[in-house]
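This report concerns only the one structure given below.
What follows is calculated from the coordinates using simple rules that are stated; it is not laboratory data. Remember, it's a predicted structure, so these values are computed and weren't measured experimentally. Reconstructed Cβ throughout: ideal geometry from the backbone, glycine too, with neighbour counts over all protein chains shown.
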4 protein chains.
Amino acid sequence: MVDVDAQVLNALADQAGVEKRFGTLEEALEWSAFEAVVVTTPTFTHASLAIMAAKAGKHILLEKPMALNLDECDAILETVSSHGVLLQLGFMRRFDPEFMAANERIQAGEIGQPMMIKSLTHGPGLPPAWARDLKTSNGNLAEVNSHDWDSLRWLMGSNCERVYVEIANFKGKAAGVTTENFYDNALVTVRFESGALGSISSICPCNYGYDARVEIVGEKGIMLIGDLRNQAIVVCTDRNQGLVTPVHSTWAKRFEKGYIGEMQHFIECIQTGAQPRVGGEDGRWAVAGVLAATRSFLEVRPVYLNEIMKQDIT
Amino acid sequence: MVDVDAQVLNALADQAGVEKRFGTLEEALEWSAFEAVVVTTPTFTHASLAIMAAKAGKHILLEKPMALNLDECDAILETVSSHGVLLQLGFMRRFDPEFMAANERIQAGEIGQPMMIKSLTHGPGLPPAWARDLKTSNGNLAEVNSHDWDSLRWLMGSNCERVYVEIANFKGKAAGVTTENFYDNALVTVRFESGALGSISSICPCNYGYDARVEIVGEKGIMLIGDLRNQAIVVCTDRNQGLVTPVHSTWAKRFEKGYIGEMQHFIECIQTGAQPRVGGEDGRWAVAGVLAATRSFLEVRPVYLNEIMKQDIT
Amino acid sequence: MVDVDAQVLNALADQAGVEKRFGTLEEALEWSAFEAVVVTTPTFTHASLAIMAAKAGKHILLEKPMALNLDECDAILETVSSHGVLLQLGFMRRFDPEFMAANERIQAGEIGQPMMIKSLTHGPGLPPAWARDLKTSNGNLAEVNSHDWDSLRWLMGSNCERVYVEIANFKGKAAGVTTENFYDNALVTVRFESGALGSISSICPCNYGYDARVEIVGEKGIMLIGDLRNQAIVVCTDRNQGLVTPVHSTWAKRFEKGYIGEMQHFIECIQTGAQPRVGGEDGRWAVAGVLAATRSFLEVRPVYLNEIMKQDIT
Amino acid sequence: MVDVDAQVLNALADQAGVEKRFGTLEEALEWSAFEAVVVTTPTFTHASLAIMAAKAGKHILLEKPMALNLDECDAILETVSSHGVLLQLGFMRRFDPEFMAANERIQAGEIGQPMMIKSLTHGPGLPPAWARDLKTSNGNLAEVNSHDWDSLRWLMGSNCERVYVEIANFKGKAAGVTTENFYDNALVTVRFESGALGSISSICPCNYGYDARVEIVGEKGIMLIGDLRNQAIVVCTDRNQGLVTPVHSTWAKRFEKGYIGEMQHFIECIQTGAQPRVGGEDGRWAVAGVLAATRSFLEVRPVYLNEIMKQDIT
């Protein structure tokens, strides 16, 4: 286990029963008696750490978002490719039983050709300073909503063509946030290459719980994925108040099975040499969406993914 | 409009815009310029009022329960029959859109041959003194749960053969109720002539709301009728509390459409001369069930409806 | 009753028990023995009929959308004002018990300052030719989604400042629709004057049912209004298929109470002389939203309501 | 791993990666290099296997029902006690997150003093011959509903005082079952020592799914535990059919977390020497309930647990 903070490192390693402990990835790579690296650090460190790991021949499970920009994404992709290691992105919703079952049913044609998708991720808790700053994180649309960007592409089976975004800042001032362009609400409209439409709703911090739901309408029908409800317990003790049901309060609990599933998949891929079913290209598209979205609200206009892809690549 | 309490009479008649007002049914029958009577008085007055109305040639919409015992039921049935008037019982659930749709689907065979039914009616508010006393009302199983007795027969398409009942008294003491055999909880087990099983759950007063739900399992499937939820509004403002949804709080609101529907049906029957689709025989079976149930908990044994039917009739 | 089609006129008037029947509003106004007019004709006739009725001193309940453009709206408003008649707009959701309760709770501050609202109306059935053509109707965003435009302003307590819209046409070709700019899917993003964000989702025809739901997130919490579910009946007969629950299939049934409520309100306003609580200004804002939205998708850019308001008024 | 069927043994042991394989418990006990035994054989073998394991000093996780009668239960309890081994009963619902959370909230007084509980377990699939025969299994009330008996005592915090049971046999004949007293439907009424009431609903086979739900009403409110719904996915493709949601189809999936939880708890108890939080006394009460219930439907009368306890013990 690696952490720059020795106290955090020791607490977590004790809890997990891990003996080998390092302050930097470099030190760990010197020891080298392991096959893979799981990178869960802030976004602005992803590219350097992933490239370092790839050069050392380690397989990589990289947390979302993949990187800060497309140049970084491309650098990771090239190093991973030239060193023959596996790269899996931490889009755990792809391993959530409900999202997996929903995707299979959509691909099987149950609701027909998808016409419109709406995905929302709303979460409690003010993000840390680096995650509020466009320069170190690209903001909530990257940190909170990377999963929505990936789900849109995955479930619709089509890439984004252009995006338009409106943002709002309701709670920043009261929370003392003075970061330029900080937003706690964002509403993204997406036009897909297939002609279909989509939206991503981002709210953070919102104190009512952790909320991740998707609605898709196809030519034949509608599908709703996910629920506000956490446990199947309903209590009523006051008829003026009404029925009360527990709500999802954290992403870790909501997607517990997804987190376990993505780790199992990563291990299986290492054992069998199979390519992870969610990789660097998926991470790159999510980053491209965020960059187009950011430009959209800065310039108050729809932005084509093409504009971003070209500029960043060159 | 008729009411023994002039103040209540005037308030209600003003509200409804009714000019003719009487202190007793006798006075109203002397005036006589009307076709039908709606009897909504306490149970112990049903037989005398219904018989008086029938003798005067008035059609009758009679609130549940029909009467206190089978002798009274039979006297009503005979007078109604000999005077050629219509008798409709106030089982408004038979006119509730959900109960009607459910019944149609059951009769159409959607869940197969019914094997088991569970019906519950739980309501807020301590019943008035006359409704708590077995002698003037037969207690909650009659006053609150007449509807369940009727729904069981209606939805299962079979008569009760025998019943077993357990009762409990949790809140009576604190509420100062000293009536003999008072109960605020009752659990009825029914064996139908068809061999199917059923239960009725009675709780009153229960302060969480007005709760009326039915579950039926047939050889092919299950059907749930009714919901605790009142309005399709979900609010969450605190992730430690969870989702909050309005609950049904009164029977008048819960079965608003049923009450309107039963009145429309009664008027149509008078206009066309058709027999109401819920009549005296239905009311009589509900009374018989309650009497068997009462004997069951008094004697702590299963009681056959046959025992009650024979004894009361002779 | 007035209808240009004698056959339709007679069928409906027979059903409603209306004796007086006319082929045109002019004829009815010559007879004149009535106080008010309910205009439910296609949008392109609203202005001329409403103005004719107002000049004849009749109060007006005008179906949505108010008119085709802001000039027409203003002409109606001026005539209504100068002739001292009442004008109520047919936004029946304002009279739906769930929407009313939700609005009261929002205004009371239950979810705090509203930050984001999402309203959807999806309906079955290909609209008639005039309702598919921007020139005679402004398309689905006007005909199907007028209610959403009104709900957004009402529930958020703020006017739209600018809108951005993406549209799609998935089913037109197969249905033989060749109308220019026809769309069956539209996704609207709204920025409110308050700084809050909103979206309207429009799909028609969609064959899964009639779907009208709203989600609002405020600084303190979330509120969901409406439900796909029609009746509280759940059936399961096959564990491979799962639970089945009835869905709303038509707007007339879904908003039955709203339609009755708006008519009662209109009559009360005529009787008391009170201004209807949803009037011409509300109708005008909904039209302005649609016009800005249409320009947005035609010009692929966000459009300020201000642009529309200015241009149309002069 | 032990199984009398070598083919089954090898298949399961391969799957689980277990090397040591035995045809009988005796053989396994000769090898002896293990600490604990998990007994998942048919009920009529429980007493002999558990006693054998206890005498060999092995801790025991014993599947429900504990045994066929109270003599067997007492023999197990005595041997376990005299040999100082741990005995845990396989009531996995005590380790299900929803049941655990519900129980904590009830014990904390959230719904007040419990007045009435209803627990149902309905499952698909005709039970094997030994589980249909009262002599080898005590029938469905033991095999399917042991969990309900335990949940009643656990959640209500009170022992059963007397029970009354009605049974029905709807599907036996068509399935060729000729076993005496076979039933596929049973409805149990319980009176608790506390004065509270309860019911257990048993249906097996029922093909609509695996259904395990509980409702409890206390003096202050109601609590519903569990749901028919399996996944938070709603699909609608036909407005005449309605909304479709996956249902629980097997107990193994429904209580997956409970099964894992009970095993973790058993291991922790072995490691720490703590008594399992659901033990032999709990198993014995569930057996006593079943025996009283069986006598109730055979003799068509309410039966006191006391009658069973005395008779079996002496």
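Mean partner shielding of peptide A:212-219, defined as the number of other chain Cβ atoms within 10 Å of each residue Cβ, is 4.
Seen from residue A:275, the other residues with C-beta closer than 12 Å to its C-beta sum to a net charge of -2, counting Lys and Arg as +1 and Asp and Glu as -1.
Would you work out if segment C:216-265 is rounded, prolate or oblate? Take a ≥ b ≥ c from the square roots of the eigenvalues of the alpha-carbon gyration tensor; rounded if a/c is under 1.5, else prolate when a/b is larger than b/c, oblate otherwise.
Numbers: a/c = 4.09, a/b = 1.35, b/c = 3.02.
Oblate shape, in that a/c is at least 1.5 and b/c is the bigger or equal ratio.
Residues whose amide H falls under 5 Å from that of residue D:300, counting only those 5 or more places apart or on a different chain, are absent, with hydrogens built in the peptide plane. Residues in segment D:236-242 carry Karplus couplings, in order, of 9, 10, 8, 6, 7, 8, x Hz; the curve used is 6.51 cos²θ - 1.76 cosθ + 1.60 with θ = phi - 60°, and Gly or Pro positions show x.
Considering only DSSP beta bridges whose two residues both sit in the protein assembly as shown, what percent are antiparallel, to the nearest 5?
On the way: 146 of 206 bridges.
Of all bridge pairs located within the protein assembly as shown, approximately 70 percent are antiparallel.
Less than 5 angstrom separates the built amide H of residue D:88 from those of D:60, D:61, D:62, all sequence-distant by 5 or more or on a different chain.
Let me confirm one metric for peptide D:166-172, namely the mean number of other chain beta-carbon atoms within 10 Å of its residues' beta-carbons. The partial results should precede the final answer.
On the way: counts 15, 3, 8, 2, 12, 3, 0.
Mean partner-chain Cβ count within 10 Å for D:166-172: 6.
For residue C:74, inter-copy separations between label points set 7 Å beyond Cα along the Cβ vector come to 5.3, 8.4, 9.8 nm, shortest first.
Label-point spacing for residue D:35 across the identical copies (point 7 Å from Cα in the Cβ direction), in nm and ascending order: 3.0, 8.4, 8.6. For residue D:92, neighbours were defined as the other residues whose beta-carbon sits under 11 Å from its Cβ, and their charges (Lys and Arg +1, Asp and Glu -1) total 0.
When each of A:137, A:151, A:199 is scored by the number of other beta-carbon atoms lying within 10 Å, the sequence from fewest to most is A:137, A:199, A:151. Ranked by how many other Cβ atoms sit within 10 Å of their own Cβ, fewest first, the residues D:83, D:147 fall in the order D:83, D:147. Note that segment B:130-196 carries a Kirkwood radius of 13.1 Å, evaluated over its alpha carbons pair by pair. For residue A:310, the lysines whose Cα comes closer than 25 Å to its Cα, not counting residues fewer than 8 places off in the same chain, are A:64, A:135.
From largest to smallest, the equivalent ellipsoid semi-axes obtained for the protein assembly as shown from the alpha-carbon gyration tensor read 52, 52, 23 Å. Restricting attention to segment D:71-167, which trypsin sites (Lys or Arg not before Pro) occupy a DSSP loop and are surrounded by at most 16 other Cβ atoms within 10 Å? Answer by residue number: there is no such site. Sequentially through segment B:271-287, phi angles give Karplus couplings (6.51, -1.76, 1.60; θ = phi - 60°) of 5, 9, x, 6, 6, x, 7, 9, x, x, 4, 5, x, 5, 5, 5, 5 Hz, Gly and Pro residues having no value and appearing as x.
Backbone phi angles across segment B:168-180, fed through the Karplus curve with coefficients 6.51, -1.76 and 1.60 (θ = phi - 60°), yield HN-Hα couplings of 8, 10, 9, 10, x, 4, 4, 8, x, 8, 10, 4, 5 Hz in residue order; Gly and Pro are listed as x. Which whole-number percent of Cα pairs in segment A:1-141 have a distance greater than 21 Å? Result: 57 percent of Cα pairs exceed 21 Å. Residues whose amide H lies under 5 Å from that of residue D:115, counting only those 5 or more places away or on a different chain, are D:217, D:218, D:219; hydrogens are built 1.01 Å from N in the peptide plane.
Take residue D:135, push a point 7 Å out from Cα through the beta-carbon direction, and compare it with the same point in every other copy: 5.6, 8.6, 9.0 nm, smallest first.
With runs of 4+ DSSP H residues as the only contributors, calculate the mean residue ellipticity of chain C at 222 nm using -39,500 (n - 2.57) per run, divided by the residue total and rounded to the nearest 500. For chain C, the value works out to -11500 deg cm²/dmol. Rounded is the label for chain D, because the ratio a/c of its alpha-carbon gyration tensor axes (a ≥ b ≥ c) stays below 1.5.
Considering only DSSP states other than H, G, I, E and B, which trypsin sites (Lys or Arg not before Pro) in segment A:4-56 qualify as loop sites with at most 12 other Cβ atoms within 10 Å? Of the trypsin sites (Lys or Arg not before Pro), the ones in loops of segment A:4-56 whose Cβ has at most 12 other Cβ atoms within 10 Å are A:20.
Let me confirm one metric for peptide D:118-125, namely the mean number of other chain beta-carbon atoms within 10 Å of its residues' beta-carbons.
On the way: counts 6, 0, 4, 0, 3, 0, 1, 0.
Averaged over the peptide's residues, the number is 2.
Each of C:190, C:287, C:37 was scored by other Cβ atoms within 10 Å of its Cβ. Arranged with the fewest first, they read C:37, C:287, C:190.
Counting only DSSP beta bridges with both residues in chain D, tell me the antiparallel percent, nearest 5.
Working: 31 of 46 bridges.
Roughly 65 percent of the beta bridges in chain D run antiparallel, per DSSP.
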